[in-house]
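The values are calculated or read from the model by the stated rules, or taken from the named source; none is laboratory data. Keep in mind that what you see is a predicted model, and the values were worked out from it rather than measured. Neighbour counts are summed over all protein chains in view; Cβ atoms, including those assigned to glycine, are modelled from backbone coordinates with ideal geometry. Heavy atoms of the whole protein, side chains included, go into the accessibility calculation; ligands, DNA and RNA do not. Shrake-Rupley method; radii C 1.70, N 1.55, O 1.52, S 1.80 Å.
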There are 2 protein chains.
Amino acid sequence: MFDVRNHAEERCGGMGRMSPQRQHGARPSPEVRAVRERPAAGRRRTSHSLEAVLTEAVALLDTSGEHALTFRALAARLGGGAASIYWYVSSKDELLDRAADHVLADVLVAVEGVGGGDPVDDLRTIALALFDAIVERPWLGAYFMRDTGVQPNGLRLYERLGQQVLRLELGPRESFHAVSAIVGFVVGTAADMGQQAPEAVLSGEVDRDEYLARYAAQWRALDADEFPFIHHVVDEFAGHDDAEQFRAGLDLILAGLSLQAGR
Amino acid sequence: MFDVRNHAEERCGGMGRMSPQRQHGARPSPEVRAVRERPAAGRRRTSHSLEAVLTEAVALLDTSGEHALTFRALAARLGGGAASIYWYVSSKDELLDRAADHVLADVLVAVEGVGGGDPVDDLRTIALALFDAIVERPWLGAYFMRDTGVQPNGLRLYERLGQQVLRLELGPRESFHAVSAIVGFVVGTAADMGQQAPEAVLSGEVDRDEYLARYAAQWRALDADEFPFIHHVVDEFAGHDDAEQFRAGLDLILAGLSLQAGR
DNA sequence: CGATCTTATAGAACGATGTTCGATGTCCGC
DNA sequence: GCGGACATCGAACATCGTTCTATAAGATCG
């Protein structure tokens, strides 16, 4: 298993994504936190377990969005008090860090078999899996690999991407830059696209097209001399598909990478 | 001038970046808001003006970070009450949207002369300018071009990037995808890199190296069989430069784009 | 000039949130 | 059966975004 133990030393960020000023530093019994899975033989009343906390947190985030994740709302779902959650998690930031990593476990499973084919194709496959996960869960992007001490799955995903780049036989620096670029593009783009339209949540598909159309109309109303490019692409924008747009951008990076690898 | 007037109709997001559920929809006298610049002849007591509000908001964000931007703190800086700010701005989201666009005006000025040389080089220049702005202000990334109705400068920057792509003579779809990819990469990467280390804010340079070193040590402690890639690039990570890392990733995209344009 | 409307400001309060504190209950080893 | 670690929770605190209402200064007009 993973075992980056943290005995009272501060955690760190990773991969260029540094954790901000928050110093969620394991106040109540830090190193025992990992064993918090107890089989729950004779559970007293609620008996949460970190797993249950994260699962319910993710469920809350998925169904009602980031602003709905509240210690009180989460506690209500768990059938307990809000303060109890602090026994498993030292702050809301850590809760979100752990929830993000909890979700990444599924992505990791989804790309388990990838690695046998063409390196670039495998890279694309993994990147797409990560993209899908973040688009479905916009909050994920903001907390992806912020603190690898608490997010082993993020590290594993980074590693899996890296292993494909490894087969391109580039130097360490080019390899590092390549994976960083891919991750940066995937997370950044997916997080952007995940921010839904105001009321499109309600009706689903039709609303999105109309939303785009109204937007496109606003663009078309701009001065043609001052905004030639916008007029050039407004039709593409009006009918664009997020996944295709992402894929096209990813392919630009991968094409550049292939070129660099001399393939 | 820009004149995307919004008479009581709802604003929209743009470019794939949709604004979330917030419907900051101009409650108190919407369309007059643009004229809120009054020369302040006989100012009564405080007399803010949108400009002053945004300037102080940005100053607060720059010196103390996003969490320090509070209506009360901002009001204290302006020498007035917190509720007064709502006359210029209908919500904190709109305040941040406008503050973000306010900052982009500087970027726009910085890239004013760009456009004469090689299209790809000009693209790189503009992207770098945007990158620098976001790295200095991590909060900018999250609010870049979320609501073009309130953020004309974001649109203008998008347009300027697009104009360079236009010269590559691609089809509308490829052009749209290219600019979207560049913007997505720039914003995503820069926002990530902007999240500073916990205490690195205090000491500046030396702390960052030590921070990276401690992180690298954590990576080196990982199992070499399970994490071959991480071991392969850990030295690069330990001594990496954010700007160089960004540039390398951007060049991958631009290389792919050059290939596509047949140059 | 005085009435009235618009522009602009601000104090007080509301509801919600993250977090802390202290008390209490439950389980295990001895 | 007893002490200490594990686990839970109610109550309270400080802070935040936001709303409501009152109010005063300029502009407009008869």
The residue from A:Val201, A:Val234 that alone is β-branched (Val, Ile, Thr) and either within 28 Å of the chain's Cα centre (by Cα) or at pLDDT below 95 (or both) is A:Val201
Is at least one residue of the stretch B:196-217 within 7 Å of chain A (Cβ to nearest Cβ), open to solvent by less than 40 Å² (accessible area, probe 1.4 Å) and either touching a residue at least 60 places away in the same chain (Cβ under 8 Å) or not in a helix (DSSP H, G or I) (or both)? yes
If I filter the stretch B:115-123 for residues that are surrounded by 20 or more Cβ atoms within 10 Å (Cβ to Cβ) and within 11 Å of another protein chain (Cβ to nearest Cβ), do I get at least one hit?
no
Every listed condition ((1) within 17 Å of A:Leu95 (Cβ to Cβ); (2) in contact with a Leu (Cβ under 7 Å, 6 or more places away or on another chain)) holds for A:Arg156 save (1)
When the stretch A:146-186 is checked residue by residue, the ones that are open to solvent by less than 10 Å² (accessible area, probe 1.4 Å), at the interface with chain B (Cβ under 9 Å from one of its Cβ atoms) and part of a loop (DSSP other than H, G, I, E, B) are A:Thr148
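Filter the stretch B:44-90 down to the residues that are among the hydroxyl-bearing types (Ser, Thr, Tyr) and on the phi > 0 side of the Ramachandran plot, then identify the one that is most open to solvent (accessible area, probe 1.4 Å).
Per the stated criteria, the residue is B:Ser47.
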Here the qualifying pairs (Cβ atoms under 6 Å; residues six or more apart or on different chains; first in the stretch A:76-90 and more than 22 Å from A:Val150 (Cβ to Cβ) and within 14 Å of chain B (Cβ to nearest Cβ); second within 8 Å of DNA strand C (Cβ to nearest atom) and open to solvent by 80 Å² or more (accessible area, probe 1.4 Å)) come out as none
Of (1) within 14 Å of DNA strand C (Cβ to nearest atom); (2) more than 14 Å from chain A (Cβ to nearest Cβ); (3) at pLDDT 90 or above, B:Ala105 satisfies every one except (1)
query = Based on what the data block shows, is B:Gly141 buried (at least 23 other Cβ atoms within 10 Å of the Cβ) and free of Cβ contacts under 8 Å to residues at least 24 places away in the same chain?
reply = no
Within the stretch A:247-259, of all residues that are at the interface with chain B (Cβ under 7 Å from one of its Cβ atoms) and over 21 Å from the mean Cα position of the chain (by Cα), the one farthest from B:Val186 (Cα to Cα) is A:Leu259
All-but-one check, B:Ala100 against (1) in contact (Cβ under 8 Å) with a residue 40 or more places away in the chain; (2) open to solvent by 30 Å² or more (accessible area, probe 1.4 Å); (3) under 17 Å from B:Arg137 (Cβ atoms), failing number (2)
Screening A:Leu252, A:Leu222, A:Leu257 for residues that are in contact (Cβ under 8 Å) with a residue 24 or more places away in the chain and open to solvent by less than 40 Å² (accessible area, probe 1.4 Å) leaves only A:Leu257
Next on the checklist: Residues that are within 13 Å of DNA strand C (Cβ to nearest atom), within 14 Å of another protein chain (Cβ to nearest Cβ) and in contact with a His (Cβ under 7 Å, 6 or more places away or on another chain): does the stretch A:42-64 have at least one?
Outcome noted: no
Okay, helices (runs of 4 or more DSSP H) sitting entirely in the stretch B:42-120 with 3 or more residues that are within 9 Å of DNA strand D (Cβ to nearest atom) and of a type outside the set (D, E, K, R), I get B:71-78
When (1) outside any loop (DSSP other than H, G, I, E, B); (2) within 26 Å of the chain's Cα centre (by Cα); (3) crowded, with 17+ Cβ neighbours inside 10 Å are applied to A:His240, the one that fails is (1)
